[in-house]
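To start, the structure under review is shown below, and the notes come after it.
The values are calculated or read from the model by the stated rules, or taken from the named source; none is laboratory data. On a predicted model such as this, the values are computed, not experimentally measured, just so you know. Here the Cβ positions follow ideal geometry from the backbone for every residue, glycine too, while neighbour counts run over all protein chains shown. We work out accessible area using only protein heavy atoms, side chains counted, and drop any ligands, DNA or RNA first. Shrake-Rupley method; radii C 1.70, N 1.55, O 1.52, S 1.80 Å.
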Amino acid sequence: MITYETFSPGQVMGSSEAVLDTAKLQAWRALFPEDDFGGEMPHGMVAAIAMRAYAEVLQPRPPGNVHAAQHFDLFRLPRAGERLTTTITCLEKEIRKGRFRVTLGMDTVGSEGPAFRGRMTVLWAA
Amino acid sequence: MMPETLPEVGKMVDRAAILAYAAITDDFNPLHVDEAFAATTPFGRPIAHGMLSLNLVWQSLRRAFGEAMPISLEVRFVRPVLQDTQVTAGGRRREDGAYDVWVRDAAGLDVIAGIAWPSGAGERKPDQPA
């Protein structure tokens, strides 16, 4: 189980690879029909890529984590077929008002170069 | 010419949407998908992934600015979105050229609040990748 004590600022937690395939795009469009831009990734799928990496790299997690804040910088929108690698780094951790706060950096790079970057703050449950 | 307001985008966040988003992101946090677990929390019922509702902000930005890059977005998830809640995203231009953005529930309360920096908006630009 990954607990608050596990995290160390500056530590690379791991990487996750994903191909932006048509199945993922279709699943996204089924939920958000407006987001049909042919083979181009909709903006909001940065979250899907980031959260998949989070789910894959940071496990097992305690139940009940809460997503508190999020920052994204988008540099370009990948296209279908591109392989994306997201690396997750612990940026900081603190206890505020008795709650464990962990901030994670998420850098996503594809075959065409850097695509987007995220910073995610989670209230870690244990 | 940068618009003063961003187009409003709404969605009903129901159980089907939450389960679909969980499958897409592989995030099956019981807070989102386990109704029995959620019943034991202060929320009383499942809450949606914050990023599900955040996509409405992305859609609003896309309607306003197309695919212009780079673009940055920073938000706080200030209130949980309970299952079966209608939410609406929008935004308003700030004096510095960036945009205050939000997602609100049916009562008009912010559930997500933050700032967007579309390409060409304001002095602050997204940091470029190394």
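Side notes on the structure shown:
- Rounded accessible area per residue of segment B:5-117, 1.4 Å, Å²: 40 Å²
- When A:24, A:97 are compared by accessible area at a 1.4 angstrom probe, the order from most to least is A:97, A:24.
- Computed accessible area, residue A:1, all protein chains, 1.4 angstrom probe, square angstrom: 130 Å²
- Rolling a 1.4 Å probe over the protein heavy atoms leaves residue A:8 with an accessible area of roughly 60 Å².
- The mean count of C-beta atoms from other chains within 10 Å of the C-beta of residues in A:25-35, rounded to a whole number, is 4.
- Helix content alone sets the calculated 222 nm mean residue ellipticity of the protein assembly as shown: runs of n ≥ 4 DSSP H residues at -39500 (n - 2.57) each, divided across all residues, give -6500 deg cm²/dmol.
- Percent carbon-and-sulfur accessible area, chain B, ignoring ligands, DNA and RNA, probe 1.4 Å: 51 percent
- Between segment B:6-50 and segment B:63-95, the C-alpha centres lie 17 angstrom from each other.
- Residues of segment A:65-88 whose accessible area (probe 1.4 Å, heavy atoms of protein chains only) drops by at least 40 Å² once all protein chains are present, relative to their chain alone: A:67, A:70, A:71, A:72, A:73, A:74, A:75.
- With every protein chain in place, chain A: carbon and sulfur % of accessible area (1.4 Å): 49 percent
- 1.4 Å probe accessible area per residue over chain A, in Å²: 42 Å²
- Each residue was assigned an accessible area with a 1.4 Å probe, and for residue B:115 the value is about 40 Å².
- Computed from phi, the 3J(HN,Hα) profile of segment A:21-32 under the Karplus parametrisation 6.51, -1.76, 1.60 (θ = phi - 60°) reads 9, 5, 4, 5, 5, 5, 4, 5, 5, 4, 7, 10 Hz, with x in place of Gly and Pro.
- Positive-pole candidate from A:80, A:10, A:54, dipole of chain A, charges at beta carbon: A:10
- Cα-centre dipole for the protein assembly as shown with unit charges at Cβ (Lys and Arg positive, Asp and Glu negative), debye to 20: 440 debye
- Listed by chain and number, the aspartates and glutamates placed with their C-alpha closer than 17 angstrom to that of residue B:11 are A:34, A:35, A:36, B:84, B:105, B:110; residues fewer than eight positions away on the same chain are left out.
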